[in-house]
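Let me begin by presenting the structure, written as structure tokens, before commenting on it.
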Amino acid sequence: MIKRRNMLFAGTAAVAGLAGVGAAWWWRDRHETPLADPFWALEMETPDGAPLKISSLAGQPLLVNFWATWCPPCVEELPLLNRFHQEQQARGWRVLGLAVDQPSAVRAWLKKSPLDFPIAMAGLGGTELSKRMGNLTGALPFSVAFSATGEVLQRKSGQLMPADLASWATLA
């Protein structure tokens, strides 16, 4: 009888401990200071070589899109992202394109199809950065929407659709 009661107490303690760990993880994910994330401390170059501090985009909702000139769905969604930028910037939204590509290819592409939002060169390291941001496969395109406080609101692997952006616009 005592053995059985001890096992019951041990089982209850284990479940309570796991619940505590789960609650702590949930609390940390939702209440940590997102702007302290290393992403916000990055400085990248634009295709023309000018520095771009990611922290300069903090304080407003931000849509980050990982793309490349050699990626057909990436190139196809860029005009949609440009429209989102034009339509939502008055509401505070910013858009940042992170090119996982060579600067010369990006410059040539932008010369033919200019965009109104900033582009930064993530290079091949962009794949690892996108993985740290939740892109499990490292595939392109990949997008992340952040709140003004730097909290991740939404992520999407694959091509964005107008309905995605319409939904994301209401999050901030």
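The values are calculated or read from the model by the stated rules, or taken from the named source; none is laboratory data. The structure presented is a predicted model; accordingly, all values stated were derived computationally and were not measured. Glycine gets a Cβ as well: all are built from the backbone with ideal geometry, and neighbour counts include every protein chain shown.
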Q.
Suppose we filter the stretch 20-66 for residues that are part of a loop (DSSP other than H, G, I, E, B) and at pLDDT 50 or above; how many remain?
A. 11
**Q.** Odd one out for residue 152 among (1) surrounded by 17 or more Cβ atoms within 10 Å (Cβ to Cβ); (2) more than 16 Å from residue 78 (Cβ to Cβ)
**A.** (1)
Q.
Against the definition (more than 10 Å from the chain's Cα centre (by Cα), surrounded by fewer than 21 Cβ atoms within 10 Å (Cβ to Cβ), at pLDDT 95 or above and acidic (Asp, Glu)), how does residue 101 come out, yes or no?
A. no
(Q) With the requirement that a residue be touching a residue at least 12 places away in the same chain (Cβ under 8 Å) and either part of a helix (DSSP H, G or I) or farther than 25 Å from residue 149 by Cα (or both), what does the stretch 109-129 give you? (A) 109, 110, 113, 115, 123, 124, 126, 127, 129
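I'd like the full set of residues that are small (Gly, Ala, Ser) and surrounded by 17 or more Cβ atoms within 10 Å (Cβ to Cβ), limited to the stretch 59-72.
So the first thing to find is which residues in the stretch 59-72 are small (Gly, Ala, Ser), and the list is 59, 68.
Answer for the stretch 59-72, where residues must be small (Gly, Ala, Ser) and surrounded by 17 or more Cβ atoms within 10 Å (Cβ to Cβ): just 68.
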Q. Can you name the residue in the stretch 122-172 that is among the aromatic types (Phe, Trp, Tyr) and under 10 Å from the mean Cα position of the chain (by Cα) and, of all such residues, is nearest to residue 63 (Cα to Cα)?
A. 146
